[in-house]
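Comments concern the structure below.
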Amino acid sequence: MVHALRIAVADDDADMRTLLDRILSRLGHTIVASVGDGDALVEQCCLHHPDLVISDIRMPRRDGLSAASNLCKIDPVPVIVVTAYTDRELMRRACESDVMAYLVKPLKVPEVEAAIAIVTARFSEFVRLRKEANDLRQALEDRKTIERAKGILMKRVSLDEPDAFRRLQKLASARNMRLAELAKRVCEAEETVDWSE
């Protein structure tokens, strides 16, 4: 069961927006924005930061697929697109876009409920994996900076590698800094000091 979500809805058909509002309310969700075009969707999502977006594909001013791509660049959010059209070109575009589910009208409550459950679970996994990848990238960058700072100390203060590492640890502790931050400062100092003078 999915916990209550804050959802933005976009469809150029007011009756469809009303239907979606009813379905989503019945499922226990809150509608934070209900708009008729892609530009308004992007604007309202930037304002309300919904947990999920459900959008028609073909709308005036900006279609749902390009709105979804724009939203995911600004503030990643899971997107479900709904459409009355099932042509291959739309499905191809949807597969290449940032949407996570594709529903064909007319909508039924069980299908919407299942799509929301699957999309929110997949998006949570995506966010977790992205954070993990970012953490690993940062750890690698930190490691490279620490290695470089060790090399600088070994060269400038004539220390062996273990002593250079201990010196960095001691300095970081004394200054109440992360080891990587101190190492970065050592590397920056090396770049700004002219040792030949």
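Worth a mention:
- ARG185/ASP135 FRET efficiency (R0 25 Å; Cβ-Cβ; nearest 0.05): 0.70
- The stretch between ARG6 and GLU125 holds 41.0 nm of extra length on full extension. This uses 0.36 nm per residue minus the Cα-Cα distance.
- Rg of the Cα atoms in region 6-107, relative to 2.2 N^0.38 Å, amounts to 0.95.
- Region 134-197 and region 14-77 have Cα centres lying 48 Å from one another.
- For the pair ASP160 and ASN176, label points projected 7 Å from Cα toward Cβ lie 3.5 nm apart.
- If you take all other residues with their beta carbon under 14 Å from the beta carbon of ARG175, and give Lys and Arg +1 and Asp and Glu -1, the sum is +4.
Readers should treat all values here as calculations from the given coordinates under stated rules, not as data from a laboratory. Computed from a predicted model, the values in this text were never measured in an experiment. Because the Cβ atoms are built from the backbone with ideal geometry, glycine has one as well, and the counts that use them run over all protein chains shown.
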